[in-house]
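What follows is calculated from the coordinates using simple rules that are stated; it is not laboratory data. This structure is a prediction, so every number in the text was calculated from the model and none was measured. We place every Cβ from the backbone using ideal geometry, glycine too, and count neighbours over all the protein chains shown.
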Amino acid sequence: MTPKKPFPEPPLLLVKAVCRASKDPSLKKEKFHRYLNIYEKEGLFCKRAKQLTPERKRYYDALRKKKMEKFIRQNKERIEQLRRITEAINCEEGKKQKGL
């Protein structure tokens, strides 16, 4: 859904729609909305790039892991259902390829 460019910027309306649909509380914070306003005015860029220090890497890795675990816990049944459907589809495709 992003433009075919070396550094694609998703359209602002798409970003806003995804953020509204998300249950992630960090996307509801005032700080995030300030960044979104800058994105609207100036596009996707970084005035002052931050160096990825070992401390920042650990922080972002832990944040990502925590959010991923929460998502998996909240969607465990749905994930299992999708796994079963995918396995069934793969099994049927395997039978077709073998001529069964």
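With R₀ set to 30 Å, the beta-carbon distance separating Glu40 from Ile72 gives a calculated FRET efficiency near 0.35. The modelled label-to-label distance for the pair Lys50/Leu14, using points 7 Å beyond Cα in the direction of Cβ, is 2.5 nm.
With a ≥ b ≥ c the root eigenvalues of the C-alpha gyration tensor of the range 1-63, is it rounded (a/c under 1.5), prolate (a/b larger than b/c) or oblate?
Numbers: a/c = 1.68, a/b = 1.24, b/c = 1.35.
It comes out oblate by the Cα gyration axes.
A simple spin-label model places the labels of Lys28 and Ile85 2.8 nm from each other, with each point 7 Å out along Cα-to-Cβ.
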